[in-house]
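Below is one structure, written out as structure tokens; the observations come after it.
Just so it is clear, none of the values below were taken in a lab; they were calculated from the coordinates. Since we're looking at a predicted model, the values are computed, not measured. Cβ placement follows ideal geometry from the backbone for every residue including glycine, while neighbour counts extend to all protein chains displayed.
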């Protein structure tokens, strides 16, 4: 009986937390003007245009230290009914470009996941997550969710 009450409490807490807006890190290592001048596809251009609106920071690398990144201009923005996103583009030369941001009003349409695309230009990985400040390292948050789920199942 007490485990049923505990599970109901956990479910209620998760439901309340999920319905609230989250915050996402916002930054990029991409030179937006240079990148956008090379794109001709209007759909890509419309989506990537948003990279102009996040702060440029060399500390916005793939595995960034939050304290250092925040001191270097990385922001944490409210994400209204959305999901956080982290995009990594690796050029064929090995140079990585990172963009972290919010995709607003997308919580119902986009699930937490990672997608990898490989082309002649390089590799692109886009990860989305729906936890507070989860786009610092999406894979770490996935591990924490799995560990929490396993702990709940063992009760």
Exercise for the section: Compute log10 of I(q)/I(0) for segment 58-105 with the Debye formula, placing one identical point scatterer on every Cα and leaving out solvent, at q = 0.22, 0.32 Å⁻¹, to two decimals. Expected result: -0.85, -1.14
Problem - Förster radius 22 Å - calculated FRET efficiency between residue 45 and residue 116 (Cβ-Cβ, nearest 0.05) - result: 0.50
Problem - Sorted peptide list for 105-116, 59-70, criterion being average Cβ within 10 angstrom, highest first - result: 59-70, 105-116
Problem - Residues residue 56 and residue 137, FRET efficiency given R0 of 22 Å [Cβ-Cβ distance, rounded to 0.05] - result: 0.65
Handout entry: Relative contact order for segment 21-154, counting Cα pairs under 8 Å that sit 6 or more residues apart, in percent
Key = 28 percent
Practice task
Please give the contour-minus-distance gain from residue 31 to residue 68: 0.36 nm per residue of separation, less the Cα-Cα distance, rounded to one decimal in nm.
Solution key: 11.3 nm
Practice task
Just rank 25, 53, fewest to most, by other beta-carbon atoms within 10 angstrom.
Solution key: 53, 25
Exercise for the section: Using only the Cα atoms of segment 21-154, each taken as one equal point scatterer with no solvent, compute I(q) by the Debye sum, divide by I(0), and report log10 of the ratio at q = 0.11, 0.15, 0.16, 0.20 Å⁻¹. Expected result: -0.40, -0.74, -0.83, -1.26
